[in-house]
1. Asp325: net charge of surrounding residues, Cβ under 14 Å, Lys/Arg +1, Asp/Glu -1, itself excluded?
2. Residues of the stretch 343-435: accessible area per residue at 1.4 Å, in Å²?
3. Can you give me the % of accessible surface on the stretch 252-402 that is carbon or sulfur? Probe 1.4 Å, all protein chains present, nothing else counted.
4. Could you tell me the ratio Rg/Rh of the stretch 238-355? Both radii from Cα atoms, Rh via Kirkwood.
5. Gain in length, Ala162 to Leu63, computed as 0.36 nm per residue apart minus the alpha-carbon separation, to one decimal in nm?
6. In the neighborhood of Pro90, defined by Cβ-to-Cβ distances under 11 Å, what is the net charge if each Lys or Arg adds +1 and each Asp or Glu adds -1?
7. Between rounded, prolate and oblate, where does the stretch 359-405 land on the alpha carbon gyration tensor, with a ≥ b ≥ c its root eigenvalues, rounded for a/c under 1.5, else prolate if a/b exceeds b/c?
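The values are calculated or read from the model by the stated rules, or taken from the named source; none is laboratory data. The structure presented is a predicted model; accordingly, all values stated were derived computationally and were not measured. Ideal geometry is used to build each Cβ from the backbone, glycine not excepted, and the neighbour counts take in all protein chains shown. Remember, those area values only see protein heavy atoms, side chains included, never the ligands or the DNA or RNA. Shrake-Rupley method; radii C 1.70, N 1.55, O 1.52, S 1.80 Å.
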Amino acid sequence: MLNHVIILFFSFRVLLVTIIIICGCTAPAKSSNPVSLNVVSQNGFIGFAAQVQLSDDKTASGLGPQQLLVDTGSSALLFCNKDLAKSLTPIVYPGGSNVVLNPAGQSNDTCNGGSVLMGVAYGDNPNLYFWGYLYENELLISSADNSNTDSISGAAFAIAEAIGDLFVCEVAPGFDGIWGIAFSNAGNDAYVMLPNVDGNPSDVLCFSEPKCSSPTFNPVTEWCVNESTDTSSFPLQTVVQTWLDPHDQSISGIYLTTSVSNFTALVNNKAITYNAGIWFLGNNAIQNEYYQQNPLHATVSSNNNGAFWTVPITSMQVYCGSSSDSKNGGPLMSLGSTCNDGMCFLDSGTPKLAFPSSIVNEINSCQTEGSLEINMDGGTLSLNMMDLKTLAAENWIIDNESYDNQIILGFQTWLWYYIVFDYSDGVQGEAKLSFVYVNN
C-alpha cells in the first residue's frame, strides 16, 4: 500500500526451509487448493481481500471472518479490531517460533519475558499509525461459501490496540485489516517495543543490539526511535512465508476474474464482490489454466529499496496507433535510473496506476487504438489504449507527482495480467515476478 508514503512496513520476513526426514525420506510438500479472493470497493479505494479468521476466535469475539487487504506493498498481517485479542495471549520475547533472535541465536536476558509490541508510523503523517501486540495463532482462510479453505499454523500477526487515521482501518470500511505479502525488511520506520513486566505500553523496552534501552514513549508521536534503535532489528517470519513453507516452492500467484469492460460495475456494484479473485500457492501457481502464455519474468530490483516488489522498468512509450509502426510511438521515456533506485513498484494496495505526467498526458490525448508499452529487463508489458482511457476517465490513472514521483503498477494491473510471485531466497537473492497476459 503505497498511497501515503514511499512504502509501508508491517512485519518481518526470514526465509526458513523446513525439511522433515523420516527413514531418510523427505516429507512430501503440502498441496493446496487455490483460495478465493474477494474485491472490496469503498470510498474510491479498491483492492483484493482475503477472508481470514483466527482458529481460536470462532466464538470469543463474535466478529467472524475478517476481510484483509492483500497488499504487495507491506509485510505483516494486521487485524484492526482489538476484540479479536480476547482469546489470545501476546507473544513474549524470545519465545514463539516466529521470533528470530538477533544477533543470530542469541537472546537478550534484559528483554526476556516481555510481551512483544509493534508500532508503525506511515511516512511523514503522524496520524497514520497503529500500535498493538503481536500474537501467534492458526489462521483459517476461506471463500464466502466456506469452500477452498486452507489454514496457516504458527502465523505471527498484530492486533491493533490503537489506530490513528490508518487508511485500511478507518477510511475504507469493508476492510478489517491488512495482509502484507512483501519482504521482511519492508521499511525502516517500524520498531518492535517490549513492555515492562506489567505490560504498560507507556513504558517500553526497545530491542536493539546488544541491549535494551528505555526511551520515553508516546504511541501517537514516538516510535521507540533513538540512536541505538534506528533500524528494524527484531525480525519475524511473515505470514505469507509461513503459509508457503510447507509447499515445494516459495511461489504464489494472484488472478483477477474481472476485465476492464466490467471494472466499473465491479467498483460501483457493491462494497464487496465475493470470489472475484484466485490465489494459487506453490506449484499450483504455475500449473493452472491462467499460466498458459509465455510469461514475462522480471527479477526484483534490490537497489536502495530491497524490501518490496520493485519492478525493473527501463522505459515507457505510448503508441497512438499500432506499436508495429514506429511512427505511432511517442517519446521514449527512460526510467532506468528511477527504477534502479527502487522507485518503481507493483503494489496491489494502491488503487490506481501512477505514471509520469507526460505519459498520462499522452494517454489522455490519444484518440485512436494504441498501447502503453512498459519495457523491463525481461520483456515488455503492453496495456491497451482504449482500456487505459476508460480507466483514466474514472480517475484510476494519475500523475505520479502525488506519489512522490514513484511509478506504481497498482491494483488495475491485474485487469491485464495474472501475476506470480517467486520469493526464492529473498529480495537480496533471485526473487522474481512473472506477468502472464490474460484476455478476460
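1. Its environment carries a net charge of -1.
2. 31
3. 43
4. 1.01
5. 33.8 nm
6. For residues surrounding Pro90, the net value is -2.
7. It is oblate, given that a/c is not under 1.5 and a/b is not larger than b/c.
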